[in-house]
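The structure appears right after this line, and notes come after that.
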Amino acid sequence: MKKRATTLLLNTLAAGLLTTTTAFAAPVTFYDGTYTSATRAANVKFAQDGTNLFVTLTNTWTGDVLVPTDVLTAVFFSLAGDPTLSRVSALLNTGSTVYYDNDGQPAGGVVGGEWAYKDGLSGAPHGADEGISSSGLGLFGPGDRFPGADLQSPTSPDGLQYGLLSAGDSSATGNTGVTGSGGLIKNSAVFNLSGLTAGKTYAASDITNVSFQWGTNLEERNCTVDGECGGDPSSGEVPEPATISLMGSALLISALSYARRRKARARV
């Protein structure tokens with residue numbers, strides 16, 4: 001386990017934390033998106049404070065996280081006008097804490113060294129061109145990280161480390177796939193980006209292609225706020241309502257076709 005950053009760096013980060021925290025009361029939320037199922041749930045809020053964009057990502061599932069694919073590791077989105085944004089800070093949200101890091105809680109709640117932001121993505125789910133992630137997912141690299149000390153080796157973003165556990169997670173019951181991954185956050189983090197278009201008031205319609213990613217690769221479950229999900233074929237999750245509706249329609253069509261064939265044979 002690598003040592004924490006120097007006292008000078010921590011003091012600098014703490015000063016930045018005070019400045020950022022002061023701004024938390026001012027941002028106005030203009031987009032609030034949620035995905036919920038029987039075994040996973042997530043929420044993301046986008047808030048504007050002048051030219052700053054605050055993204056609050058939360059694993060809202062009430063169940064206990066027992067497998068790596070229950071850890072929330074990214075949110076993808078597109079922003080109207082595609083402004084060039086710069087990374088300001090990544091912090092634990094109020095009431096959130098870090099599990100499984102032998103070094104304890106990060107100084108000042110700063111988790112930026114474990115999370116990345118990138119614009120101009122290619123190959124992200126649902127056509128999104130921006131994203132925030134604690135895992136590389138083949139899209140993010142060390143050069144995309146927020147300011148802050150690298151709290152856990154290997155160099156982030158990588159693996160599950162500092163992904164988001166659920167609101168209902170119990171640290172006493174995680175299996176080795178979760179407890180052996182290093183530090184994880186229960187259950188929310190706030191990301192500050194600067195560079196929104198000056199003088200523009202953003203609206204919900206300015207955010208599109210939003211989806212949540214669990215696990216450490218894009219083949220694992222990714223779900224949009226309207227319930228469209230892909231990946232993770234072995235999860236055993238109950239199909240989404242839209243899927244159930246399609247299945248029901250297919251069965252009804254099959255039944256009607258069978259009835260017509262029987263009726264036609266009876267006339268012969």
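The values are calculated or read from the model by the stated rules, or taken from the named source; none is laboratory data. All values derive from a computational prediction rather than experimental measurement. Note that each Cβ is placed from the backbone with ideal geometry, even for glycine, and that neighbours are counted across all protein chains shown.
Side notes on the structure shown:
- Within the range 126-141, considering residues that are surrounded by 23 or more Cβ atoms within 10 Å (Cβ to Cβ) and in contact with a Phe, Trp or Tyr (Cβ under 6 Å, 6 or more places away or on another chain), the one farthest from Asp70 (Cα to Cα): Gly131
- Apart from one condition, Lys45 fits all of (1) of a type in the set (Lys, Arg); (2) under 30 Å from Val225 (Cα atoms); (3) at pLDDT below 95; the exception is (3).
- The single condition among (1) free of Cβ contacts under 8 Å to residues at least 40 places away in the same chain; (2) in contact with a strand residue (DSSP E or B) (Cβ under 8 Å, 6 or more places away or on another chain); (3) not β-branched (Val, Ile, Thr) that Gly199 does not meet is (2).
- If only residues of the range 46-68 that are over 12 Å from the mean Cα position of the chain (by Cα) and outside any loop (DSSP other than H, G, I, E, B) are counted, the one that is surrounded by the fewest Cβ atoms within 10 Å (Cβ to Cβ) is Asp49.
- Residue check, Thr94 part of a loop (DSSP other than H, G, I, E, B) and more than 16 Å from the chain's Cα centre (by Cα): yes
- Residues satisfying the stated conditions in the range 119-135, i.e. out of contact with any Ser or Thr (no Cβ under 8 Å at 6 or more places or on another chain) and of a type outside the set (Gly, Ala, Ser): Leu121, Ile132
- So Thr155, is it more than 14 Å from the chain's Cα centre (by Cα), modelled with pLDDT of 95 or more and surrounded by fewer than 23 Cβ atoms within 10 Å (Cβ to Cβ): no
- Sole residue being over 21 Å from Thr216 (Cα atoms) and assigned to a loop (DSSP other than H, G, I, E, B), chosen from Gly136, Gly104, Gly108: Gly104
- Between Thr29, Thr7, Thr22, the distinction of being modelled with pLDDT of 95 or more, of a type outside the set (A, V, I, L, M, F, W, C), over 19 Å from Lys186 (Cα atoms) and loosely packed, with under 14 Cβ neighbours inside 10 Å belongs to Thr29 only.
- Considering Asp101, Asp144, the condition of being more than 22 Å from Phe54 (Cα to Cα) and either among the charged types (D, E, K, R) or crowded, with 18+ Cβ neighbours inside 10 Å (or both) is satisfied by Asp101 alone.
- Scanning the range 107-125 for residues that are surrounded by fewer than 23 Cβ atoms within 10 Å (Cβ to Cβ), under 21 Å from Gln152 (Cβ atoms) and either acidic (Asp, Glu) or without any contact (Cβ under 8 Å) to a residue 40 or more places away in the chain (or both) turns up just one, Lys118.
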